[in-house]
Amino acid sequence: MQRHVAILGAGPVGLDAALACADAGWAFSLYEAGDTVAAHVRAWGHARLFTPWDLNVSGRMRTHLPHAPTGDDCPTGAELATRLLDPLAALPALEGRIRLRTRVAGIARTGLLKHEHIGTDIRAGTPFTLLLDTPDGEDTAEADLVLDCTGTYSHPNTLGPGGIPAPGERALTERITSTLPNTADPGRWTGTVLLIGAGKSAQTAARDLAALPGTRVHWAVRGTAPDWGAVPGDTLPGRQHLVDTSQALADGANERVTVYTGAHIQALSPDNDRIRACLATEGGTREIVCDHVVALTGYTGDASLYRQLQVHECYATGAPLNLSAALLGSAGGDCLAQPPVGIEALRNPEPHFFILGAKSYGRLNTFLLRTGYEQIDQLTAAYAEQPLPLPAGTQALAGVPEGP
């Protein structure tokens with residue numbers, strides 16, 4: 001029986017999944033909310049990855065694009081999009097399969113509620129219904145296998161202590177930058193910037209903003225003694241450079257940058273055309289009046305898409321439970337040390353529904369594109385011989401557990 005696969009998100013992992021479906025001869029549709037493929041990648045197109053081309057191009061991509069970039073150079077987001085992802089989207093194997101400006105607003109089992117037929121072959125054999133927001137209005141589609149590769153970049157974390165919005169933050173959402181600032185136009189960032197966050201995005205922003213002569217940076221870091229994600233003997237020079245630069249800024253190397261440790265936002269409020277922030281730090285509470293707030297406290301995926309599905313999330317990371325357990329038990333915080341976890345870790349209690357790519361890592365920050373490509377390999381291998389879908393009322397797929 002022919003299967004139909006719905007792939008959500010036309011980023012690197014979604015495009016690799018589409019190629020895998022094409023290679024397997026499966027019918028598939030790739031849904032992308034943006035105007036182009038790789039919309040999230042283009043949003044940080046000015047930033048440079050600290051991983052080289054060889055870690056960002058899958059073997060499947062190289063098969064379809066023999067002249068795909070290779071080597072130790074680290075691409076920018078724009079280079080990744082134009083030199084790799086755009087050519088992939090233009091391949092004949094994907095022709096007519098990519099639906100741009102089409103957002104998946106929700107996913108359900110056709111005619112079944114979330115609590116019905118738990119762990120049964122009836123649920124496994126019932127197709128999914130996707131609610132679509134398209135340029136022509138609402139629509140629906142069906143699928144037998146759903147791969148959620150929507151990523152995280154459009155869902156930033158909030159700033160208050162404990163992860164909830166700080167008082168006043170929601171009213172100022174439109175004035176807060178939650179994506180990597182593009183400093184190519186220095187005048188855009190003239191004045192005082194309050195930067196919040198300590199991860200690689202925040203470190204990149206601090207480095208770039210610190211280089212602008214007309215910019216004063218107040219950098220709020222939650223940890224009391226940040227190590228900036230240092231990896232002993234780091235083999236990625238770009239990552240090590242960010243660590244070294246961040247430590248130098250914390251040590252006072254640039255008089256226009258002040259780093260506050262043990263810090264969190266207590267409240268935000270408008271101050272005419274500026275923003276007043278109440279900042280709690282190790283040294284006490286202080287107010288900072290700034291021209292820009294740059295909030296880079298991480299991103300998490302949109303779980304509302306599968307609210308009506310039986311997805312078991314980790315209470316700590318928000319990632320699918322089996323995968324989260326495997327990751328938390330693996331080799332520390334170095335993304336290069338994350339081992340392939342296997343298909344069983346990718347499964348959910350909801351049969352034939354998978355969360356893949358950066359979204360599958362929840363709040364964990366050790367995801368690499370290479371990891372997403374490995375997930376696609378594991379999934380396609382597991383389903384290679386499976387006659388999906390099952391008609392309702394038949395026996396469960398051999399080797400594919402249905403239920404928790």
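Restrict the check to segment 105-121 and report whether at least one residue is touching a residue at least 60 places away in the same chain (Cβ under 8 Å) and under 30 Å from VAL294 (Cα atoms). Yes: segment 105-121 contains one or more residues that are touching a residue at least 60 places away in the same chain (Cβ under 8 Å) and under 30 Å from VAL294 (Cα atoms). Determine whether segment 224-246 contains at least one residue that is surrounded by fewer than 18 Cβ atoms within 10 Å (Cβ to Cβ), in contact (Cβ under 8 Å) with a residue 60 or more places away in the chain and touching a strand residue (DSSP E or B) at 6+ places or on another chain (Cβ under 8 Å). There is at least one residue in segment 224-246 that is surrounded by fewer than 18 Cβ atoms within 10 Å (Cβ to Cβ), in contact (Cβ under 8 Å) with a residue 60 or more places away in the chain and touching a strand residue (DSSP E or B) at 6+ places or on another chain (Cβ under 8 Å). The single residue among LEU368, LEU328 that is surrounded by fewer than 18 Cβ atoms within 10 Å (Cβ to Cβ) and at pLDDT 90 or above turns out to be LEU368.
Within segment 136-159, restricting attention to residues that are small (Gly, Ala, Ser) and under 13 Å from ALA303 (Cα atoms), the residue that is modelled with the highest pLDDT is GLY151.
Here is a yes/no grid of residues against (1) surrounded by fewer than 24 Cβ atoms within 10 Å (Cβ to Cβ); (2) at pLDDT 95 or above; (3) within 13 Å of ASP148 (Cα to Cα):
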site: GLN2; (1), (2), (3): yes, no, no
site: ILE7; (1), (2), (3): no, yes, yes
site: VAL13; (1), (2), (3): no, yes, yes
site: ASP16; (1), (2), (3): no, yes, yes
site: CYS21; (1), (2), (3): no, yes, no
site: GLY34; (1), (2), (3): yes, yes, no
site: VAL37; (1), (2), (3): no, yes, no
site: ARG42; (1), (2), (3): yes, yes, no
site: THR63; (1), (2), (3): yes, yes, no
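Taken as a whole, the condition of being more than 16 Å from GLY238 (Cβ to Cβ) and part of a helix (DSSP H, G or I) applies to ALA22.
Could you please find all residues in segment 312-325 being touching a residue at least 40 places away in the same chain (Cβ under 8 Å) and surrounded by 19 or more Cβ atoms within 10 Å (Cβ to Cβ)? Residues satisfying the conditions are ALA319, PRO320, SER324. Looking across segment 285-325, the residues that are touching a Pro at 6+ places or on another chain (Cβ under 6 Å) and in a loop (DSSP other than H, G, I, E, B) come down to GLN310, HIS312. Consider THR281 against the criteria (1) in contact with a Phe, Trp or Tyr (Cβ under 6 Å, 6 or more places away or on another chain); (2) outside the structural domain of LEU172 (by TED's automatic domain parsing); (3) β-branched (Val, Ile, Thr): it satisfies all of them except one. Which criterion is unmet? If we test THR281 against (1) in contact with a Phe, Trp or Tyr (Cβ under 6 Å, 6 or more places away or on another chain); (2) outside the structural domain of LEU172 (by TED's automatic domain parsing); (3) β-branched (Val, Ile, Thr), just (2) comes out false. Considering segment 127-166, the residues that are free of Cβ contacts under 8 Å to residues at least 60 places away in the same chain and among the polar types (S, T, N, Q) include one that is surrounded by the most Cβ atoms within 10 Å (Cβ to Cβ), namely THR129. Does at least one position in segment 288-296 carry a residue that is surrounded by 17 or more Cβ atoms within 10 Å (Cβ to Cβ), closer than 26 Å to PRO186 by Cβ, touching a Gly at 6+ places or on another chain (Cβ under 6 Å) and of a type outside the set (D, E, K, R)? Yes; the residues of segment 288-296 include at least one that is surrounded by 17 or more Cβ atoms within 10 Å (Cβ to Cβ), closer than 26 Å to PRO186 by Cβ, touching a Gly at 6+ places or on another chain (Cβ under 6 Å) and of a type outside the set (D, E, K, R). Consider GLY162 carefully, then state whether it is out of contact with any strand residue (DSSP E or B) (no Cβ under 8 Å at 6 or more places or on another chain), within 21 Å of ALA220 (Cβ to Cβ) and modelled with pLDDT under 95. Against the criterion (out of contact with any strand residue (DSSP E or B) (no Cβ under 8 Å at 6 or more places or on another chain), within 21 Å of ALA220 (Cβ to Cβ) and modelled with pLDDT under 95), GLY162 qualifies.
The values are calculated or read from the model by the stated rules, or taken from the named source; none is laboratory data. Please read all numbers here as calculations on a predicted model, not as lab measurements. Reconstructed Cβ throughout: ideal geometry from the backbone, glycine too, with neighbour counts over all protein chains shown.
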